[in-house]
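The values are calculated or read from the model by the stated rules, or taken from the named source; none is laboratory data. Everything numeric in this text was worked out from a predicted model, so none of it was measured. Heads up, the Cβs are rebuilt from the backbone with ideal geometry, glycines too, and the neighbour counts pull from every protein chain shown.
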Amino acid sequence: MILQIETATTSCSVALANRGQVLAFKEVDQRNIHAEVITVYIDQILAQSNVTYAQLDAIAVSCGPGSYTGLRIGVSTAKGLCFALDKPLIAVDTLAAMARGLVANNETEGDVLLCPMIDARRMEVYTAILNQAGDVIQPTAAEIIDANSFADILSENKVLFFGDGADKCKDVLGDNPNAQFLPNFANSAKHLTSIALEKFNHADFVDVAYFEPYYLKDFIAGKKAGA
């Protein structure tokens, strides 16, 4: 029984899975609401499933890359639950979970590569390229997208771009016949399910005391007006 938390983007999502089957989930795609609703959502899905906190076997959290604030909220919530309940913590790479969720829920061409994208600043995205088996073709990086981005891979492969960073890249990359775009893809805690179960079965846990999210880039605070 694994509680799953996804807060790496504007989506605040929690799910409860038992042996790889999602029992309940609750989510909202809205900026700056994560801290307000996440614990409420967790209480609600547990109550809906007639599961107590003590019955949980582990907590899984989407660990980045992604929003600095969102990741802090999700990981802090997961760590707090693990400390209080004495449960193990599972860290799931956000981009890998996005790719796994897409394959599980959509029909894709057999030879297309997957490029999950998380919105960063301006024309920058956090991204990686994976095949549909989950093997990494191009590792996670912060990329500033221009007309030459992914040129080598796109010259020989069809690539499906998706996630909240993909829409702003369509005008730049969309003329390439090998570039495909999936609209309206939202991150979800449901996407963590299969990876979280695999890690649980292999006792692939992280140290609750010392684990930190994968921010990828240092946090840059915005200046307040008049500062």
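Residue-level analysis places MET98 among those that are of a type in the set (A, V, I, L, M, F, W, C), assigned to a helix (DSSP H, G or I) and either over 14 Å from the mean Cα position of the chain (by Cα) or not assigned by TED's automatic domain parsing to the domain that holds ASP29 (or both). Beta carbons closer than 7 Å, at least 6 apart along the sequence or on distinct chains, pair a first residue in region 111-133 that is modelled with pLDDT under 95 with a second that is among the hydroxyl-bearing types (Ser, Thr, Tyr) and surrounded by 15 or more Cβ atoms within 10 Å (Cβ to Cβ) for ALA120/TYR126; GLN132/THR108.
Just wondering, is there one or more residues in region 64-71 that are surrounded by 14 or more Cβ atoms within 10 Å (Cβ to Cβ), assigned to a helix (DSSP H, G or I) and touching a strand residue (DSSP E or B) at 6+ places or on another chain (Cβ under 7 Å)?
No - not one qualifying residue is present in region 64-71.
Mind checking which residues of region 101-114 are under 13 Å from the mean Cα position of the chain (by Cα) and crowded, with 23+ Cβ neighbours inside 10 Å? Break it down stepwise before answering.
Taking region 101-114 as the starting set, the residues that turn out to be under 13 Å from the mean Cα position of the chain (by Cα) are 101-102.
Correct list: GLY101 only.
Report the residue count in region 2-24 for those that are on the phi > 0 side of the Ramachandran plot and buried (at least 17 other Cβ atoms within 10 Å of the Cβ). Number of matching residues: 0.
Note on region 123-135: among residues that are of a type outside the set (Val, Ile, Thr) and under 13 Å from VAL172 (Cβ atoms), the one that is surrounded by the fewest Cβ atoms within 10 Å (Cβ to Cβ) is MET123. Can you say whether LEU56 is farther than 19 Å from LEU216 by Cβ, modelled with pLDDT of 95 or more and assigned by TED's automatic domain parsing to the domain that holds ALA128, as far as the supplied structure shows? It is false that LEU56 is farther than 19 Å from LEU216 by Cβ, modelled with pLDDT of 95 or more and assigned by TED's automatic domain parsing to the domain that holds ALA128. Could you say whether any residue in region 197-208 is surrounded by 16 or more Cβ atoms within 10 Å (Cβ to Cβ), of a type outside the set (S, T, N, Q), touching a Phe, Trp or Tyr at 6+ places or on another chain (Cβ under 8 Å) and part of a loop (DSSP other than H, G, I, E, B)? Yes. Within region 136-170, being over 23 Å from THR10 (Cα atoms), crowded, with 16+ Cβ neighbours inside 10 Å and either in contact (Cβ under 8 Å) with a residue 60 or more places away in the chain or of a type outside the set (S, T, N, Q) (or both) holds for PHE150, ILE153, LEU154, LYS158, VAL159. Can you say whether TYR41 is touching a residue at least 40 places away in the same chain (Cβ under 8 Å), within 28 Å of TYR210 (Cβ to Cβ), surrounded by fewer than 23 Cβ atoms within 10 Å (Cβ to Cβ) and among the hydroxyl-bearing types (Ser, Thr, Tyr), as far as the supplied structure shows? Taking the combined requirement at face value, the residue does not satisfy it.
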